[in-house]
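One structure follows; several queries about it will come next.
The values are calculated or read from the model by the stated rules, or taken from the named source; none is laboratory data. None of these values were measured; they are calculated from a predicted model. Note that we place each Cβ from the backbone using ideal geometry, even for glycine, and neighbour counts take in every protein chain shown. Side chains included, ligands, DNA and RNA excluded: accessible areas come from the protein's heavy atoms. Shrake-Rupley method; radii C 1.70, N 1.55, O 1.52, S 1.80 Å.
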Protein chains: 2
Amino acid sequence: MEPRPPSVILVEPQLAENIGACARVMANFGLSDLRLVRPRDGWPQERAWASASGASWPLDEARVFDRLEDALADLQLVYATTARAREINLPVFTPREAAGELARAAASGLSVGLLFGGERAGLESDDVARAHAVVTVPVDPRFRSLNLAQAVALNAYEWRMTMADRPPEAFEPEQPPATHEAVEGFLGQLEGELHASGFLHPPEKTPSMLRNLRAVFLRAGLSDQEVRTLRGVVTALSKGRGKVLEKLAAKKAAKD
Amino acid sequence: MEPRPPSVILVEPQLAENIGACARVMANFGLSDLRLVRPRDGWPQERAWASASGASWPLDEARVFDRLEDALADLQLVYATTARAREINLPVFTPREAAGELARAAASGLSVGLLFGGERAGLESDDVARAHAVVTVPVDPRFRSLNLAQAVALNAYEWRMTMADRPPEAFEPEQPPATHEAVEGFLGQLEGELHASGFLHPPEKTPSMLRNLRAVFLRAGLSDQEVRTLRGVVTALSKGRGKVLEKLAAKKAAKD
């Protein structure tokens, strides 16, 4: 069974658009349990749904709390994200390290959560003090102001990367590489045509010219289809301009 | 010296707010070179600055292009981010893998870039076909719609994480890769000769045939010297068998 993804707890979020954007990135990375503590403009807010681009389920199911402790009540491991150093002696993780820790905990059946502060000032120290560790995104010290939904996105992304560090199946290469023999066949044809064309000149440079050309095509990791295409290219080019067209026209004429 | 961070190229971005949000996350993670190809509402747009939360420098310095090839002209390694599977045989990386590859390239002095499509439909296949590899964020297949600035954020974040981790020195490649412009020049010549030869037949298949051919040469990561060699190859082949030899013999005869 898949470990249950972290709950996302937003403390005093200000803009409904940002809450919607958080829901959207949660959906992008497989998270769904959203909890709101004292959202500034109340709840529900239509603009949240408008900015979620269809990721409505975290919003539909979102729960609202007056007190942070109630929002955290059922969770067993909670990390607080913050950009500022704190006077609290808690472990400090990057999102990647945090995802690893949370994943291990969730895999062993614990309920886990990520805590985020509001847009203007982030979490209060008293809020951070309710967490088991601090997560901080390694931003450039020259520009620390990270958007709320971006902070959620990076942590949710790291969760998903930890769960499965591989591209979706649709991206598995569809074309298997050609055999060495097929590539050699093409390279032999190319060399033959280059000899015939007089390109391999002067003779003493021929071996290194051929080696360099081979490297280009070997590096490309050609598929069978590509080898066939390239053979067609060499054939077409070496017949000289217009020859293939003439041949096609002749074929067509013969048919007609 | 620190490697130069990737340029961010946005193709037909629609909302100025999103361009501003991209600038903000670029600043969060130390990127600054922003290039815009045909922004829908023109440029500059005040709303971009308003949504950048003070990260104005990528916007102040942003350059606008009519054609993608011009926006890429000086770059040596470009990755295209896309959520959809393509019929193009290019390597596919996660943002983490891509950041590693780009960092290695940038550490050895190359100019690198990340290409992003517009909000509505992402990149066209012809745009992807100008890149050396594809980057795809491992989103949940049940909700793939990733906000543009989030996509930029995740890639910029991975760049910064990779920089923080990076080993002190990189091996210099022996031959620096050709610029995009040089590779495009060769591909243009090849396409021209293939048109002239009648190879690109039937016409409805021409675009995908050309995209597949492009992928072979982009994947190979051609050096300047290799581009020159390949241009010579195409020229020699397209003159037809023996023509170069005849010319050389004629030259020799004229000299004698």
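Applying the Karplus parametrisation 6.51 cos²θ - 1.76 cosθ + 1.60 with θ = phi - 60° to the phi angles of segment A:223-234, what ³J(HN,Hα) value in whole Hz is obtained for each residue in order, glycine and proline being reported as x?
So the J values, rounded to whole Hz, are 8, 4, 4, 5, 4, 4, 4, 5, 4, x, 4, 5.
Now for a different question. Of A:G232, A:G118, A:G30, which is the most mobile in a GNM of chain A whose springs link Cα atoms less than 10 angstrom apart?
A:G232
Ok, one more. If you count only protein heavy atoms with a 1.4 Å probe, what accessible area per residue comes out for the protein assembly as shown, rounded to a whole Å²?
Details: 23930 Å² over 512 residues.
With all protein chains present, the protein assembly as shown gives 47 Å² per residue.
Check B:L90: other-chain or 5+ apart residues with amide H under 5 Å from its amide H, H built from backbone geometry?
Those lying under 5 Å, H to H, from B:L90: there are none.
How tilted is helix B:206-219 with respect to the longest principal axis of chain B? Cα atoms for both, answer in degrees (0 to 90, nearest 10).
80 degrees
Which distances in nm, rounded to one decimal and ordered from shortest, link the label point of A:A254 to the equivalent label points in the other identical copies, with labels set 7 Å from Cα toward Cβ?
Ordered by increasing distance: 4.0 nm.
Tilt of helix B:180-197 relative to the longest C-alpha principal axis of chain B, in degrees (0 to 90, nearest 10)?
Taking Cα atoms only, the helix is inclined about 50 degrees.
For a distance above 44 Å, tell me the whole-number percent of Cα pairs in the protein assembly as shown that qualify. Before the final figure, lay out the partial values.
Values: 35470 of 130816 pairs.
Summing the P(r) of the protein assembly as shown above 44 Å gives 27 percent of all pairs.
Let me ask you something else. What is the Å³ per residue value for the convex hull set by the Cα atoms of chain B?
160 Å³
OK, next. Mind listing which chymotrypsin sites (Phe, Trp or Tyr not before Pro) in segment B:126-223 are in a DSSP loop and have 13 or fewer other Cβ atoms within 10 Å? Display every interim value, and only then the final one.
Working: sites: B:F143, B:Y157, B:W159, B:F171, B:F186, B:F199, B:F217; in loops: B:F143, B:F171, B:F199.
The qualifying sites are B:F171.
Further, regarding this structure: Along Cα→Cβ at 7 Å, what distances in nm separate the B:A73 label point from those on the other copies, shortest first?
Copy-to-copy label distances for B:A73: 6.5 nm.
If you only keep lysine pairs separated by 8 or more in sequence, or across chains, how many in segment B:180-255 come under 29 Å at the Cα atoms?
Qualifying lysine pairs in segment B:180-255: 9.
Using DSSP to call loops (not H, G, I, E or B), can you name the GluC sites (Glu not before Pro) in segment A:35-137 whose Cβ has at most 12 other Cβ atoms within 10 angstrom? Let's see the in-between values first.
Details: sites: A:E46, A:E61, A:E69, A:E87, A:E97, A:E101, A:E119, A:E124; in loops: A:E61, A:E87, A:E119, A:E124.
Counting only loop positions with at most 12 other Cβ atoms within 10 Å, the GluC sites (Glu not before Pro) in segment A:35-137 are A:E61, A:E87.
So, one more: So which residue, out of B:P177, B:P58, B:P141, gets the largest mean-square fluctuation from a GNM of chain B using Cα contacts under 10 Å as springs?
Residue with maximal mean-square fluctuation among B:P177, B:P58, B:P141: B:P141.
Related question: With springs only between Cα atoms under 10 Å, which of B:M163, B:M209, B:M26 fluctuates most in a Gaussian network model of chain B?
It is B:M209.
Return the calculated 222 nm mean residue ellipticity for chain A, to the nearest 500 deg cm²/dmol, obtained by summing -39500 (n - 2.57) across DSSP H runs with n ≥ 4 and dividing by the residue count. Write out the running numbers ahead of the final one.
Numbers: 11 runs with 120 residues, N = 256.
It lands at -14000 deg cm²/dmol.
Test of understanding: given chain A, find the longest segment containing no trypsin sites (Lys or Arg not before Pro) that are in a DSSP loop and have at most 11 other Cβ atoms within 10 Å. Could you put the intermediate results ahead of the total?
Working: sites that count: A:R67, A:R120, A:R142.
Formally, the longest exposed-site-free interval is A:143-256.
If each label sits 7 angstrom from Cα along the C-beta direction, how far apart, in nm, is B:S208 from its counterparts in the other copies?
From this label point to the equivalent ones elsewhere in the assembly: 4.3 nm.
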